[in-house]
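Since the structure comes first, as structure tokens, the remarks are kept for the end.
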Amino acid sequence: LSADLPELILKAKKAGPFLGRHPWVFSGAIDKIEGRPADGGEILLRASDGRFVARGLYNSQSQIRARLYSWNETEALTDAFFADRVLAAVSLRKALGLLAPEAACRLVFSEGDGISGMTADYYAGFIALQFNALALAQRREAIATALTRATAARGVYVRTEKGIRELEGLDIDDGPLSGEMPEKDVTILENGLRFEVDVREGQKTGFYSDQRDNRRTVAGYALNRRCLDVCCYTGGFSLNLARAGAASVTGLDSSAAALDAARRNAARNNLSNIDFVQGDAFTALDAMGKADRTFDLLVLDPPRFVQSSGGVSQALKAYVRLNALALRLVSPGAVLATCSCSGRLSPDEFLSVLAAAALTAGRTVRVLEKRGQPADHPVNAACPESEYLKCFICHVE
Ligand code: SAH
């Protein structure tokens with residue numbers, strides 16, 4: 001019964017975002033706590049005047065003191081509640097036609113699916129499950145069961161993002177949670193290309209499915225162009241560009257393991273005009289600029305530079321520098337597909353980054369296409385941070 005639940009009472013005038021259904025209650029918004037919520041336990045959120053706002057799960061160890069899941073006062077956050085949310089999320093992917101047996105897609109996208117604090121990625125029969133919230137990690141058995149029922153997956157494997165254990169007080173190990181252990185390399189099919197995915201050890205949960213549509217769209221510009229794919233990981237963009245008839249493709253990444261996989265992926269798809277090279281993006285682009293090398297199409301897909309809100313201005317500088325270095329390498333009339341995967345950098349701010357980089361490099365940049373994340377990474381309109389991926393395809397003079 002809701003009446004028995006511990007309650008978080010908001011400070012005066014702090015209820016707006018939560019009435020607007022933003023799911024993150026930071027410690028600073030809370031005036032007092034009535035009762036003794038357990039870490040991971042259910043709470044009721046009330047405005048300063050006592051009126052009901054939402055139901056959520058509490059974590060004293062996290063800056064996000066509570067995550068909100070229901071705005072219905074009588075809806076308890078039981079295992080069945082989360083199983084229903086998981087089922088709804090998977091149903092959407094099925095309806096979108098993204099859940100083919102060999103496919104890679106995101107089954108659950110945290111805030112985008114009303115389940116703040118977890119993601120689940122599908123890789124040809126295996127699921128990589130990632131928790132960013134202690135409360136959901138505690139409910140992992142029920143969540144894995146729901147995911148397995150909804151997808152008939154062979155196994156569920158838990159992965160934890162670096163730093164999250166400390167941020168959330170998560171006490172959870174990476175490893176198989178239910179069913180079979182994924183093979184060392186699961187092979188998935190995307191845009192008609194095969195990629196190996198290391199579900200156990202690969203970056204993120206093994207593959208960046210969020211760039212699926214952008215890879216295909218950017219490849220539409222590749223014909224007869226000399227391409228450079230910066231931060232290529234296992235070759236996602238590179239392979240799409242090569243298949244689309246690029247004159248040549250160079251993939252650059254700092255990770256030797258990712259490049260080994262990229263080379264195997266190119267071979268697996270019989271693509272031979274790709275050259276994968278190891279290096280730091282900043283150093284390598286600078287060196288290429290000094291050597292007067294040019295390309296007709298550049299992809300820039302760096303990792304998230306923004307780690308915390310404090311680091312935004314540092315990150316902005318890094319984005320400007322990287323884009324300016326890239327702009328020095330493009331031939332007149334070239335295409336630059338520049339990406340940012342930081343939820344703390346809005347599309348408008350990213351446009352300013354591009355303007356600053358263009359100014360630094362002395363080039364004229366026009367945006368042809370402003371792209372973002374695909375349908376299996378839905379943006380929660382009430383949570384702007386869930387719109388994290390930007391991919392601007394630009395014409396450079
Ligand atoms: N474009 C890729 C995903 C990129 S993820 C795809 O389509 O699949 C970001 C990549 O940047 C990772 O592979 C990581 O190894 C690489 N990376 C991180 N820091 C780097 C640096 N300083 N220089 C070059 N690559 C870097």
Taking 0.36 nm per residue of separation between THR187 and ILE30 and subtracting their Cα-Cα distance, the length gained on full extension comes to 51.8 nm
With a ≥ b ≥ c from the Cα gyration tensor eigenvalues, square-rooted, and the rule rounded for a/c under 1.5, otherwise prolate when a/b > b/c and oblate otherwise, region 257-306 is oblate
By accessible area (1.4 Å), largest first, SER254, SER27 order as SER254, SER27
Normalised Cα Rg of region 1-128, dividing by 2.2 N^0.38 Å with N its residue count, works out at 1.18
The ³J(HN,Hα) series, computed from each phi in region 98-111 with the Karplus coefficients 6.51, -1.76 and 1.60 at θ = phi - 60°, rounded to the nearest Hz and given as x for glycine or proline, is 9, 9, 6, x, 8, 6, 10, 7, 8, 7, 9, 10, 5, 4
Taking alpha-carbon centroids only, region 67-120 lies from region 166-243 a number of Å equal to 22 Å
The extension gain from ASN270 to ASP39, computed as 0.36 nm times the residue separation minus the Cα-Cα distance, is 78.0 nm
With all protein chains in place and a 1.4 Å probe, ILE9 shows an accessible area in Å² (nearest 10) of 10 Å²
From the Cα centre of region 278-329 to that of region 338-382, the distance in Å is 14 Å
For the chain, percent of DSSP beta bridges that are antiparallel (nearest 5) comes out at 65 percent
With the convex hull built on the alpha-carbon atoms of region 76-172, volume per residue in Å³ sits at 87 Å³
Volume per residue (Å³) of the convex hull spanned by the alpha carbons of region 52-104 is 135 Å³
GNM of the chain, Cα pairs under 10 angstrom: of GLU141, GLU168, GLU102, the biggest fluctuation goes to GLU141
Its Cα gyration tensor gives region 223-300 an equivalent ellipsoid whose semi-axes in whole Å, largest first, are 19, 16, 8
Once normalised by the length of region 265-328, the mean sequence separation of its alpha carbon contacts under 8 Å that are 6 or more apart gives a contact order in percent of 37 percent
Log entry: pair-distance distribution for the chain, C-alpha pairs binned every 20 Å from zero, whole % per bin is 27, 53, 19, 1
Plugging the Cβ-Cβ distance of LEU351 and PHE282 into 1/(1 + (r/R0)^6) at R0 = 22 Å yields, to the nearest 0.05, a FRET efficiency of 0.50
Within the chain, pairs of Lys residues whose Cα atoms are less than 15 angstrom apart, provided they are eight or more positions apart or on distinct chains, add up to 5
With label points set 7 Å from each Cα along the Cα-to-Cβ direction at SER255 and ASN72, the distance between them in nm comes to 4.0 nm
With region 303-397 reduced to its Cα atoms and the Debye formula applied, log10 I(q)/I(0) at q = 0.10, 0.11, 0.19 1/Å amounts to -0.26, -0.31, -0.87
Rounded to the nearest 10 Å², the 1.4 Å probe accessible area of CYS341 is 30 Å²
The extension gain from ALA381 to SER48, computed as 0.36 nm times the residue separation minus the Cα-Cα distance, is 117.4 nm
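The values are calculated or read from the model by the stated rules, or taken from the named source; none is laboratory data. None of the values given here were measured: they were computed from a predicted structure. Please note: Cβ atoms are built from the backbone with ideal geometry, for glycine as well, and neighbour counts cover all protein chains shown. When the accessible area is computed, the model is the full protein with side chains, heavy atoms only, and any ligands, DNA or RNA have been set aside. Shrake-Rupley method; radii C 1.70, N 1.55, O 1.52, S 1.80 Å.
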